[in-house]
Amino acid sequence: MVRGERMKQILKVVISLILISSVIYLSIIGYQHYDYNQGYAQALIRAIHDFDDEALNKLLENPKNIDSTPKKLGIFILDDWNRNPLQEAAAIGNYNAVVALVEAGANVNYINSNSKRTPLIDALRSSEENRISIATYLVENGADINYSITINGVGNALAESISYYGIEMTESYEFFLRMIDLGCDPYVKVSPGNIFLKSAIEKNKLVMVYLLENDMFDVNVVSKEGYSALMFVSRFTIKDINIEMVNILLEYGADKTLVNEDGMTAYDYALETGSTELIELLRFE
């Protein structure tokens, strides 16, 4: 009887030790996995945000999973996009970090599972003044210029290159031309319908004129909702560039009388802006 009780106690101790050992083992494995992936990404991103080249290079000397995302683990939430290190560097304009990461083997065509963006799209969608330089570097190092966020072409490098916030229009235009030369499809479907209409929305006169001079689009092409380029440049805040683009569109034969699905013409939008110059340009009988 006493012997049986002792055996039970020994068995309990053995089982307890096994359970404790298992927990310790799994904890070690879990930490190693975290340290190799999310922990490494977080450390890289901290160095990237601090623009600390020395700290970043030191981390890259002992490479782990360079393409991991930081995840959203409790207090370790670093950003809503859950971008990986290369995407983060591209998005915040850290050119040196982009170069260091690519040279260390980061995937230039990594597709984020949350945003569906690549580092190239993140660079072009940022408002950093060196975004074109970063985008150019990524393209030179194998970034896919034809990747689109959606299957119908929306959110690709060519479309994003038209936006020039934070930089000179000429810089944006030169990158756009380079994308065309490299084989980007100028007729790919993008919001609000095509590249020509997007150039009107983004007020990119250079791209718009290029497309018209090369007879790539009808000046009166409209979006699904019936908006023409003339309507897009005649809305909201009116600046000198709007007036200039309206004159160019009219020279190419833009139709002032087109009506969209809201029953509005370019003239109606001009009235909403209160710009007397624009109103006179778009007035028709």
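No value in this document is a laboratory result; all are computed from the given coordinates. Because the structure is predicted, anything quoted here is derived from the model rather than measured. Neighbour counts are summed over all protein chains in view; Cβ atoms, including those assigned to glycine, are modelled from backbone coordinates with ideal geometry.
Give me the net charge of residue 52's neighbourhood, meaning all other residues with Cβ under 15 Å from the Cβ of residue 52; Lys, Arg count +1, Asp, Glu -1. Net local charge, residue 52 excluded: -3.
Need one word for the range 153-239: rounded, prolate or oblate. Basis is the Cα gyration tensor (sqrt eigenvalues a ≥ b ≥ c); a/c below 1.5 gives rounded, then a/b vs b/c decides. Here the range 153-239 falls in the oblate category.
Distances between placed amide hydrogens fall under 5 Å for residue 83 paired with no residue 5 or more residues away or on another chain. Taking the Cα centre of the range 57-149 as origin and assigning +1 to Lys and Arg Cβ atoms and -1 to Asp and Glu Cβ atoms, the resulting dipole is close to 300 debye.
I'd like to compare 272-282, 138-148: which one has the highest average count of other Cβ atoms within 10 Å, and what's the full order after that?
Numbers: 272-282: 15.3, 138-148: 16.8.
So the peptides 272-282, 138-148, ranked by packing, come out 138-148, 272-282.
Dipole size of the range 156-285 about its Cα centre, with +1 on Lys/Arg Cβ and -1 on Asp/Glu Cβ: approximately 220 debye, rounded to the nearest 20. Structure note, pairs 116/224; 205/239; 189/224; 116/203: Cα-Cα distances above 19 angstrom occur for 116/224; 116/203. Simple spin-label estimate for residue 216 and residue 67 gives 3.1 nm between the two label positions (7 Å along the Cα-to-Cβ direction from each Cα).
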